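Undergrad: Before I ask anything, let me first share the structure, which is written out below as structure tokens.
Laboratory data are not the source of any read-out in this text; all were calculated from the coordinates shown. A quick note: this is a predicted structure, and the numbers were derived from the prediction, not measured. Here Cβ is always computed from backbone atoms with ideal geometry, including for glycine, and neighbour counts include all displayed protein chains.
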Amino acid sequence: MIAKNRVAFGARLADQGVVQDLIARSRIEIDQARLYVQRTAWLIDQHGAKGARSEIGGIKVAAPNVATTVIARTIEVFGGAGLSDDTPLAYFYAWARVLRIADGPDAVHRRTIARLELNGKTLRGGAGPAALASAVPPGRPA
Ligand SMILES: Cc1cc2nc3c(=O)[nH]c(=O)nc-3n(C[C@H](O)[C@H](O)[C@H](O)COP(=O)(O)OP(=O)(O)OC[C@H]3O[C@@H](n4cnc5c(N)ncnc54)[C@H](O)[C@@H]3O)c2cc1C
């Protein structure tokens with residue numbers, strides 16, 4: 001990990017609070033997105049793709065957004081080198097950004113999700129507590 005090796009302003013990047021904050025935020029957001037994807041896959045297994053339309057749109061927004069954010073933070077930690085051809089980071093960033101358009105623009109997925117939510121057509125039938133509980137996989141804590 002570059003943060004453990006690179007020294008800037010007299011300290012290892014890994015020892016700087018700002019960098020630790022970037023690392024922690026990235027870990028949290030990656031795990032959130034991963035769980036969202038796994039839950040969506042579970043919903044597709046249970047109800048088919050049509051039944052999980054909101055979640056499918058949601059992960060198409062969430063996952064590439066997390067990717068662009070985390071890659072941008074990584075570029076930040078690498079400094080100018082992160083934008084050079086010495087690393088593939090700028091290339092990775094561009095492709096993560098492509099996914100936010102190529103598989104449907106974020107705005108279009110969000111519009112779909114909002115319409116499903118407003119029309120009570122999500123699997124939860126809205127955001128009430130009882131409906132949320134019914135979306136929890138059996139055998140798992142709510
Ligand atoms: C690398 C790449 C690969 C692709 N692969 C495929 C493929 O395999 N199959 C395929 O069918 N298409 C593919 N596309 C096309 C892709 O789905 C479209 O580029 C995308 O849907 C946006 O359409 P558009 O380019 O016509 O932009 P526009 O429709 O002009 O949209 C421009 C912007 O306007 C906004 N916008 C547009 N419509 C709405 C709306 N209804 N509500 C809110 N905001 C809106 C969004 O911010 C959007 O980014 C690919 C595109 C790229 C770049």
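Undergrad: Cross-link partners among aspartates and glutamates for K50, C-alpha distance below 13 Å, same-chain residues fewer than 8 apart left out?
TA: K50 reaches no qualifying aspartates and glutamates.
Undergrad: In a shell of Cβ-Cβ distance under 14 Å around T112, excluding T112 itself, what net charge do Lys and Arg (+1) and Asp and Glu (-1) give?
TA: Once positives and negatives cancel, what remains is +3.
Undergrad: What list of ³J(HN,Hα) couplings, whole Hz, do you get for the stretch 112-122 from phi and the Karplus terms 6.51, -1.76, 1.60, once you set θ to phi - 60° and write x for glycine and proline?
TA: Those phi angles translate into 4, 4, 4, 5, 4, 5, 5, 8, x, 9, 7 Hz.
Undergrad: Relative to the longest principal axis of the chain, what angle (0 to 90°, nearest 10) does the C-alpha long axis of helix 17-51 take?
TA: 30 degrees
Undergrad: Quick check: net charge around A49, other residues with Cβ under 15 Å of its Cβ, Lys/Arg +1 and Asp/Glu -1?
TA: +2
Undergrad: A further question follows. Take each of the peptides 35-41, 59-65, 10-16, average the number of other beta-carbon atoms within 10 Å over its residues, and list them starting from the highest.
TA: The peptides rank, most packed first, as 59-65, 35-41, 10-16.
Undergrad: Could you work out the percent of alpha carbon pairs in the stretch 10-134 separated by over 24 Å, rounded to a whole number?
TA: When all Cα pairs of the stretch 10-134 are counted, 41 percent exceed 24 Å.
Undergrad: If you don't mind, another one. So what is the calculated 222 nm ellipticity per residue for the chain, using -39500 (n - 2.57) for each DSSP H run with n of 4 or more, over all residues, to the nearest 500 deg cm²/dmol?
TA: Result for the chain: -23000 deg cm²/dmol, rounded to the nearest 500.
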